Amino acid sequence: MLHVRSPIKSKTVEAAMPQQITPPPADSTKAVKWEAGYAPEPVFIGTCNNVAGKEIFLLGVRFDNDKRLTDPSSGFFLHFLIVDPSDSKTKMHRLFQQRNVAYSESGVSGDTLSVKEVDKSERQKISLPKRHERAARWPLFDGNPMQFLAQFYLPKNPTTKKYLSWDDTVFLFQAIKDDEPIYAATMHDIGQQTAEDHYAAER
């Protein structure tokens, strides 16, 4: 499996990860056809614990628009995958943008608010330079800020340049509905933080 930095430590867990991801059959306005057999390989980004303290795995997959048969173009877009072995119903959660900046699951609004508007005790959990707090977004679920889980910086390297994105930071969030996890993510270009930035974000 491709990976941003280090691979998944457990070979058993890695073997259970998705190896290819089919592109979405439609965009926000119409059905979309893709080149036959096009199914990119996902990239392992990192791991963290969910709100229940169970380990989950974050993967990303890039879809290149020049692989579309319907209105091909330049550029690409991303989906994020949360593999949650503890989830009794949905082992893999697929997050994508639905006319909003947040990456959310199907049927979830993807509404957000500025990080600056989130309670200070919550936003201090994120390592984010203060100059970015108004521009960066925090996902909502049922009108309430979701719980922050972790953030992952995507460095510029051969894997991210070819299969993902780079010089961006992915922020991962979670809520609970009917005892089942709901995940969301945002992505913001804050660069690779300096020690000074990190200290300023904690004040």
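The values are calculated or read from the model by the stated rules, or taken from the named source; none is laboratory data. On a predicted model such as this, the values are computed, not experimentally measured, just so you know. Cβ sites come from the backbone with ideal geometry, for glycine too, and all protein chains shown count toward neighbours.
Go through the stretch 127-155 and give me each residue that's more than 15 Å from the chain's Cα centre (by Cα), closer than 21 Å to G60 by Cβ and among the aliphatic types (A, V, I, L, M).
Listed by number, the list holds a single entry, L128.
In the stretch 84-105, what count of residues is obtained for those that are in contact (Cβ under 8 Å) with a residue 12 or more places away in the chain, surrounded by 13 or more Cβ atoms within 10 Å (Cβ to Cβ) and part of a loop (DSSP other than H, G, I, E, B)?
Number of matching residues: 8.
Would it be correct to say that V108 is aliphatic (A, V, I, L, M), surrounded by 14 or more Cβ atoms within 10 Å (Cβ to Cβ) and not in a strand (DSSP E or B)?
Judged against the criteria, V108 is a match.
Here's the yes/no breakdown for (1) out of contact with any strand residue (DSSP E or B) (no Cβ under 7 Å at 6 or more places or on another chain); (2) assigned to a strand (DSSP E or B); (3) modelled with pLDDT of 95 or more; (4) under 20 Å from F173 (Cβ atoms):
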| residue | (1), (2), (3), (4) |
| --- | --- |
| S28 | yes, no, no, no |
| A36 | yes, no, yes, no |
| A39 | yes, no, yes, no |
| I45 | no, yes, yes, yes |
| A52 | yes, no, no, yes |
| G60 | no, yes, yes, yes |
| F63 | no, yes, yes, no |
| D71 | yes, no, no, no |
| L78 | no, yes, yes, yes |
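Restricting attention to the stretch 18-25, does a residue exist that is touching a residue at least 60 places away in the same chain (Cβ under 8 Å), of a type in the set (S, T, Y), assigned to a loop (DSSP other than H, G, I, E, B) and out of contact with any Cys (no Cβ under 8 Å at 6 or more places or on another chain)?
Step one: of the stretch 18-25, the residues touching a residue at least 60 places away in the same chain (Cβ under 8 Å) are 18, 21, 24.
Of the ones still in play, those that are also of a type in the set (S, T, Y) are none.
No: the stretch 18-25 contains no residue that is touching a residue at least 60 places away in the same chain (Cβ under 8 Å), of a type in the set (S, T, Y), assigned to a loop (DSSP other than H, G, I, E, B) and out of contact with any Cys (no Cβ under 8 Å at 6 or more places or on another chain).
So how many residues does the stretch 166-182 have that are outside any strand (DSSP E or B) and among the aromatic types (F, W, Y)?
Filtering the stretch 166-182 down to residues outside any strand (DSSP E or B) leaves 166-167, 178-179.
Imposing the further condition that a residue be among the aromatic types (F, W, Y) reduces the set to 166.
So the answer is 1.
Can you tell me which residue within the stretch 28-65, out of those that are closer than 29 Å to L149 by Cα and of a type in the set (K, R), is surrounded by the fewest Cβ atoms within 10 Å (Cβ to Cβ)?
First, pick out the residues of the stretch 28-65 that are closer than 29 Å to L149 by Cα: 28, 39-64.
Applying the additional criterion that residues be of a type in the set (K, R) yields 54, 62.
On the way: K54: 12, R62: 18.
It comes out as K54.
Given the condition of a type outside the set (F, W, Y), under 28 Å from S28 (Cβ atoms) and exposed (fewer than 14 other Cβ atoms within 10 Å of the Cβ), answer yes or no: does some residue in the stretch 146-157 qualify?
no
Filter the stretch 101-126 down to the residues that are among the acidic types (D, E), under 20 Å from the mean Cα position of the chain (by Cα) and farther than 24 Å from L81 by Cβ and list them by number.
Quick first cut of the stretch 101-126, residues among the acidic types (D, E) only: 105, 111, 117, 119, 122.
If we keep only those that are under 20 Å from the mean Cα position of the chain (by Cα) too, we end up with 105, 111, 122.
Listed by number, the list holds a single entry, E122.
Give the stretch 122-165 a look and list any residue that's in contact with a Phe, Trp or Tyr (Cβ under 9 Å, 6 or more places away or on another chain), in a loop (DSSP other than H, G, I, E, B) and without any contact (Cβ under 8 Å) to a residue 40 or more places away in the chain, or say none.
Correct list: K125, M146, K156.
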